[in-house]
Amino acid sequence: MRNHLEECPAMLLKCELKCGTVVSREDMAQHLEKYCRRGIEHCKLGCGIELSRDELEMHVNDECVQRMIPCKHCKRNFKVCDISNHLEECPKMLLKCELKCGTVVCREEMAEHLNNDCGRVIEHCKLGCGIELPRDELEMHVNDECVQRMIPCKHCKRDFKVCDLSKHLEECLKMLLKCELKCGTVVSREDMAQHLEKYCRRVIEHCKLGCGIELSRDELEMHVNDECVQRMIPCKHCKRELKVCDMRNHLEECPKMLLKCELRCGTVVSREDMAQHLEKYCRRGIEHCKLGCGIELPRDELEMHVNDECVQRMIPCKHCKRDFKVCDISNHLEECPKLLLKCELKCGTVVCREEMAEHLNNDCGRVIEHCKLGCGIELPRDELDMHVNDECVQRMIPCKHCKREFKVCDMRNHLEECPAMLLKCELKCGTVVSREDMAQHLEKYCRRGIEHCKLGCGIELPRDELKIHVNTKCVQRMMPCEYCHIDFKACDMSNHNKKCQKMPI
């Protein structure tokens with residue numbers, strides 16, 4: 001069988017080239033020749049490459065230099081190996097302008113572009129100035145820069161070549177010029193003579209009022225109106241008109257001129273009214289106090305003196321409201337029955353003089369009194385209440401255990417005997433019981449109380465340890481044999497174990 005299997009034509013085998021296909025032995029040769037994707041073949045386009053069948057299709061479609069591809073400009077088909085030569089001559093291929101004007105045109109239209117449209121082609125200025133410039137700069141040159149172009153004079157509006165305009169401007173009659181005398185006026189060249197003769201404000205003239213001053217026209221009007229000593233002006237006090245040069249002498253005598261009061265009261269009156277003002281109305285004029293205190297003061301201070309300062313003026317007592325002279329008010333205050341005074345005992349209360357005795361007798365908290373409970377303490381009235389309620393040893397307070405009331409001074413003795421007072425157990429078991437129940441607690445319930453073992457072993461222990469002793473330690477307790485399960489006293493168990501028939505040997 002082994003030999004047969006090595007030659008069996010129907011036996012399935014994996015492809016020798018490891019393409020993954022399984023075929024019979026008799027079909028293996030045909031598979032390798034025609035169908036195996038790992039089988040080697042020549043490129044059918046004739047480039048000479050040998051590749052496996054599964055790589056050859058991608059090579060023919062995407063990599064072979066003999067495959068046909070279209071030119072992306074003219075759309076004709078060429079071999080990949082020839083396409084670069086074609087692109088050097090393709091009439092439809094887009095190229096940037098040779099003169100770098102930025103335009104992109106196809107190769108067959110490049111000559112026409114350079115002849116008609118390209119802005120970078122050099123041409124002569126058509127106005128004859130001799131300049132050579134690129135076509136796209138020439139129009140701006142002709143319109144804005146060429147010295148042979150015609151432009152109008154901005155003054156007379158006639159057209160001149162740019163190169164001739166500066167000469168024309170030196171003679172143009174319509175050209176506006178600043179006044180030669182620097183008055184700031186701008187006039188045309190043809191009107192300049194008339195301006196200087198009649199209108200220029202910088203031309204020098206004599207003052208028409210006869211003061212002898214010579215000034216320019218623009219300063220002369222202001223001089224005549226505001227500065228000339230020969231001009232007429234009214235006196236601002238009496239309204240008479242006088243020359244400026246005579247005004248100072250007039251002001252020294254003008255009866256209507258306003259002057260400040262000689263006594264410096266601040267009032268301004270005319271020269272003719274000054275004497276009457278000083279005699280009757282000036283607030284700085286000296287007068288005697290009308291209340292008879294003998295003081296002499298200026299009128300403006302006298303009213304304030306009479307109202308606020310004079311010792312002879314009448315003022316009300318602020319307590320009893322009766323009127324007294326200022327000089328007498330201090331004597332009155334020493335006796336005034338309505339004067340508010342602080343309590344003599346410094347309780348902080350303020351009462352009038354006439355009510356002070358009643359306050360001390362009935363209301364003052366600082367008056368000393370005896371404790372009404374009879375402890376003998378003397379305290380201020382306002383502290384006595386707190387003493388009676390909270391501090392006096394004669395006050396009654398309830399016992400917090402039995403609730404009966406006792407004097408504070410007797411409470412300590414009572415607490416030493418109070419049957420309801422809670423005490424800690426004398427044996428320190430931690431229990432708290434009243435004094436009257438302590439004996440019963442110690443006798444019956446205290447876990448630290450000493451008792452005899454009830455099984456009769458003779459041991460004496462506290463109650464809380466006795467239960468453990470009875471259950472686990474007492475030699476008189478009954479316990480079962482672990483073999484025969486009969487109960488024996490703990491003290492007899494060792495003898496029983498020596499004789500127990502159930503005990504294993």
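Of the listed requirements (1) over 26 Å from Pro462 (Cα atoms); (2) in contact with a strand residue (DSSP E or B) (Cβ under 7 Å, 6 or more places away or on another chain); (3) open to solvent by 50 Å² or more (accessible area, probe 1.4 Å), Arg412 misses just one: (2). The set of residues in the range 220-246 being within 22 Å of His206 (Cα to Cα) and among the basic types (Lys, Arg) consists of Arg231, Lys243. Scanning the range 339-358 for residues that are open to solvent by less than 90 Å² (accessible area, probe 1.4 Å) and assigned to a loop (DSSP other than H, G, I, E, B) yields Leu339, Cys343, Leu345, Cys347, Gly348, Thr349. Screening the range 444-467 for residues that are touching a strand residue (DSSP E or B) at 6+ places or on another chain (Cβ under 9 Å) and of a type in the set (Gly, Ala, Ser) and picking the one that is nearest to Ala490 (Cα to Cα) gives Gly458. Residue count for the range 430-455 under the criterion of being over 24 Å from Leu415 (Cβ atoms) and among the hydroxyl-bearing types (Ser, Thr, Tyr): the result is 1. In the set Val105, Val121, which member is in contact with a helix residue (DSSP H, G or I) (Cβ under 6 Å, 6 or more places away or on another chain), at pLDDT 85 or above and surrounded by 12 or more Cβ atoms within 10 Å (Cβ to Cβ)? That would be Val105, the only listed residue that is in contact with a helix residue (DSSP H, G or I) (Cβ under 6 Å, 6 or more places away or on another chain), at pLDDT 85 or above and surrounded by 12 or more Cβ atoms within 10 Å (Cβ to Cβ). When we screen Leu12, Leu94 for residues that are open to solvent by 80 Å² or more (accessible area, probe 1.4 Å) and in contact with a Cys (Cβ under 6 Å, 6 or more places away or on another chain), the only hit is Leu94.
For the range 448-460, does any single residue satisfy the condition of being among the small types (Gly, Ala, Ser), touching a Leu at 6+ places or on another chain (Cβ under 8 Å) and either touching a residue at least 24 places away in the same chain (Cβ under 8 Å) or on the phi < 0 side of the Ramachandran plot (or both)? Give the steps one after another, and end with the answer.
If we filter the range 448-460 for residues that are among the small types (Gly, Ala, Ser), which is where we start, we get 449, 456, 458.
Filter once more, so that each one left must be touching a Leu at 6+ places or on another chain (Cβ under 8 Å): 449.
Keeping just the survivors that are either touching a residue at least 24 places away in the same chain (Cβ under 8 Å) or on the phi < 0 side of the Ramachandran plot (or both) gives 449.
Checked against the condition, which is being among the small types (Gly, Ala, Ser), touching a Leu at 6+ places or on another chain (Cβ under 8 Å) and either touching a residue at least 24 places away in the same chain (Cβ under 8 Å) or on the phi < 0 side of the Ramachandran plot (or both), the range 448-460 yields at least one hit.
Taking residues in the range 182-195 that are among the small types (Gly, Ala, Ser), and partners anywhere that are open to solvent by 70 Å² or more (accessible area, probe 1.4 Å), the pairs with Cβ atoms closer than 7 Å and at least 6 places apart or on different chains are Ser188/Leu173; Ser188/Lys174; Ser188/Leu176. Residues of the range 375-409 that are loosely packed, with under 12 Cβ neighbours inside 10 Å and either part of a loop (DSSP other than H, G, I, E, B) or among the polar types (S, T, N, Q) (or both): Gly376, Asn389, Lys403, Arg404.
Taken over the range 181-208, the residue count meeting the criterion of being open to solvent by less than 70 Å² (accessible area, probe 1.4 Å) and assigned to a loop (DSSP other than H, G, I, E, B) is 6.
For Glu301, indicate whether it is modelled with pLDDT under 85, under 60 Å from the mean Cα position of the chain (by Cα) and either open to solvent by 50 Å² or more (accessible area, probe 1.4 Å) or not β-branched (Val, Ile, Thr) (or both).
Numbers: modelled with pLDDT under 85: yes; under 60 Å from the mean Cα position of the chain (by Cα): yes; either open to solvent by 50 Å² or more (accessible area, probe 1.4 Å) or not β-branched (Val, Ile, Thr) (or both): yes.
When the stated conditions are applied, Glu301 passes them.
If I ask for residues that are among the charged types (D, E, K, R) and surrounded by 12 or more Cβ atoms within 10 Å (Cβ to Cβ), which ones from the range 452-487 would you list? Even if it seems obvious, please write down each step before you answer.
Our first condition is that a residue be among the charged types (D, E, K, R); within the range 452-487, this holds for 454, 460, 463-465, 467, 473, 477, 482, 487.
Once the filter is applied, which keeps residues that are among the charged types (D, E, K, R) and surrounded by 12 or more Cβ atoms within 10 Å (Cβ to Cβ), the range 452-487 yields Arg463, Asp464, Glu465, Lys473, Arg477.
The values are calculated or read from the model by the stated rules, or taken from the named source; none is laboratory data. For clarity, every value in this text was computed on a predicted model and none was experimentally measured. No Cβ is skipped: glycine too gets one built from the backbone with ideal geometry, and neighbour counts run over all protein chains shown. When the accessible area is computed, the model is the full protein with side chains, heavy atoms only, and any ligands, DNA or RNA have been set aside. Shrake-Rupley method; radii C 1.70, N 1.55, O 1.52, S 1.80 Å.
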